[in-house]
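A.B. asks: The structure's right below; bear with me while I get my questions together.
A short reminder: the numbers here are calculations on the coordinates, not readings from a lab. Quantities reported herein were computed from a predicted structural model and do not represent experimental measurements. Cβ atoms come from the backbone with ideal geometry, glycine included; neighbour counts cover every protein chain shown.
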Amino acid sequence: MAGSWGCPHEVDDRCSKVNNLPCNPGMKGCELAGRFRFADESKNERYWEKKAREQAAGKPKISSGTS
């Protein structure tokens, strides 16, 4: 099953939230940055920083369900 999403800030391939720049999910300022992992590892820096802060604060790590 395939899925897709639409960003409410993308208008005509431009990001209305980030200075009307070309839409690039995960770029700095994007509401997806740091919340999700991307196939392009260069966009995952904020995600890993957030996970490190959570672990340092003692929040439980979310299991992937595999052993």
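A.B. asks: Please express the shape of segment 10-56 as an equivalent ellipsoid: the semi-axes are the square roots of 5 times the eigenvalues of the C-alpha gyration tensor, given largest first in whole angstrom.
C.D. replies: Details: eigenvalues 111, 21, 9 Å².
In descending order, the three semi-axes are 24, 10, 7 Å.
A.B. asks: Moving on to the next point. How far is it, in nm, from the label point at residue 36 to the one at residue 20 when both lie 7 Å from their Cα along the line to the Cβ?
C.D. replies: With each label point 7 Å from Cα toward Cβ, the separation is 2.6 nm.
A.B. asks: To continue, here is another question. Which aspartates and glutamates, on any chain, are close to residue 51 with Cα under 19 Å apart, when same-chain ones fewer than 8 places away are left out?
C.D. replies: Correct list for residue 51: 31, 40, 41.
A.B. asks: If you don't mind, another one. For residue 13 and residue 46 in one chain, what is 0.36 nm times their gap in residues minus the Cα-Cα distance, to one decimal in nm?
C.D. replies: Gain in length upon complete extension: 9.6 nm.
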